[in-house]
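The structure under discussion appears below in the form of structure tokens.
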Amino acid sequence: EHSVVRYLEHKLETFYQCSPPDGLVESLLLSGSALVIFDGLDELLDTSRRSEVAAIIERFCAEFPLARILVTSRTIGYNQARLDDRQFDCYQIGGFDTSNINVYVRKWFACQEGIDPGEADSFLEESASVDDLRRNPLMLALMCILYRGEGSIPRSRPEVYEKCATLLFHRWDASRKIHVELRARNLIQPALRHLAYWLLTRTETYPAVAEQELVSQTADDFL
């Protein structure tokens, strides 16, 4: 319903309750004083819709060549609606190396209240047995929260996965002080197990699933 510029102005006015002066957003874009982030291009599951949005982004960049534009997407599916390589440099975020892991862990534990400074060293020592898992930033974050709550890291890989999955389902939002009241909470884990098995065993090569498929599979599981 809006151009990108009009959308930004609309968002400022409605969500942030701060009406921008006429022409301010366009002026910031034209002068190169703005950074615009289009986050999650891959979340548009319809390939034609994704191609349409990619074309809108390219035209937006052509109109405001000095503006800094960042577009994020998972690797899978990106080439089906790829942005013009003449306008965009493409980078892929890799996993953490040992130095990144050490820096992240020490900063994470330093932010926790009432914690012994030596716990960061203990965590690094215990988690060394699953070094490949902690190179994934999300897994490392989950493992830090797990260690903080339980004081140890499981020795076996399946246990690490199980504990981190449970943490993600039950304690991730709570750790960020987000509370969501869910009805039929007791049915969530069985439904997730069913969906995980279905995703793993289905024959389609593309991993994304439409909302209606998820609803249908979940409903079938409850019948």
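Here are a few things to note about the model shown:
- Residue list for segment 44-72, filter: touching a strand residue (DSSP E or B) at 6+ places or on another chain (Cβ under 9 Å) and either in a loop (DSSP other than H, G, I, E, B) or open to solvent by 70 Å² or more (accessible area, probe 1.4 Å) (or both): Phe64, Ala67, Arg68, Leu70, Thr72
- Among the conditions (1) assigned to a loop (DSSP other than H, G, I, E, B); (2) out of contact with any Ser or Thr (no Cβ under 7 Å at 6 or more places or on another chain); (3) modelled with pLDDT under 90; (4) over 30 Å from Asp46 (Cβ atoms), Ile153 misses just one, which is (2).
- When residues of segment 33-43 are limited to those that are open to solvent by 70 Å² or more (accessible area, probe 1.4 Å) and within 19 Å of the chain's Cα centre (by Cα), the one farthest from Arg68 (Cα to Cα): Glu43
- Single match in Ala174, Ala184 (criterion: farther than 30 Å from Asp97 by Cβ, modelled with pLDDT under 80, under 18 Å from the mean Cα position of the chain (by Cα) and open to solvent by 50 Å² or more (accessible area, probe 1.4 Å)): Ala174
- In segment 99-126, residue farthest from Arg155 (Cα to Cα) [restricted to those that are charged (D, E, K, R) and open to solvent by 70 Å² or more (accessible area, probe 1.4 Å)]: Glu113
- Residues (on the phi > 0 side of the Ramachandran plot and at pLDDT 90 or above) located in segment 75-97: none
- Cβ-Cβ distances below 7 Å connect the following pairs, each with a first residue in segment 121-133 that is over 12 Å from Asn102 (Cβ atoms) and β-branched (Val, Ile, Thr), a second residue that is part of a helix (DSSP H, G or I) and open to solvent by less than 40 Å² (accessible area, probe 1.4 Å), and a separation of six or more residues or different chains: Val130/Val160.
- Scope segment 13-32; condition open to solvent by 70 Å² or more (accessible area, probe 1.4 Å), at negative phi and either in a loop (DSSP other than H, G, I, E, B) or in contact with a Cys (Cβ under 8 Å, 6 or more places away or on another chain) (or both); matching residues: Phe15, Tyr16, Cys18, Ser19, Pro21, Asp22
- Candidates in segment 1-12 are the residues that are part of a helix (DSSP H, G or I) and in contact with a helix residue (DSSP H, G or I) (Cβ under 8 Å, 6 or more places away or on another chain); of these, the one that is surrounded by the fewest Cβ atoms within 10 Å (Cβ to Cβ) is Leu12.
- The set of residues in segment 142-158 being surrounded by 18 or more Cβ atoms within 10 Å (Cβ to Cβ) and within 23 Å of the chain's Cα centre (by Cα) consists of Leu142, Met143, Cys144, Ile145, Leu146, Tyr147.
- Of all residues in segment 73-87, those that are without any contact (Cβ under 8 Å) to a residue 60 or more places away in the chain and either over 22 Å from Leu45 (Cβ atoms) or part of a loop (DSSP other than H, G, I, E, B) (or both) total 9.
The values are calculated or read from the model by the stated rules, or taken from the named source; none is laboratory data. Computed from a predicted model, the values in this text were never measured in an experiment. Because the Cβ atoms are built from the backbone with ideal geometry, glycine has one as well, and the counts that use them run over all protein chains shown. For accessibility, only protein heavy atoms count, side chains too; no ligands or nucleic acids. Shrake-Rupley method; radii C 1.70, N 1.55, O 1.52, S 1.80 Å.
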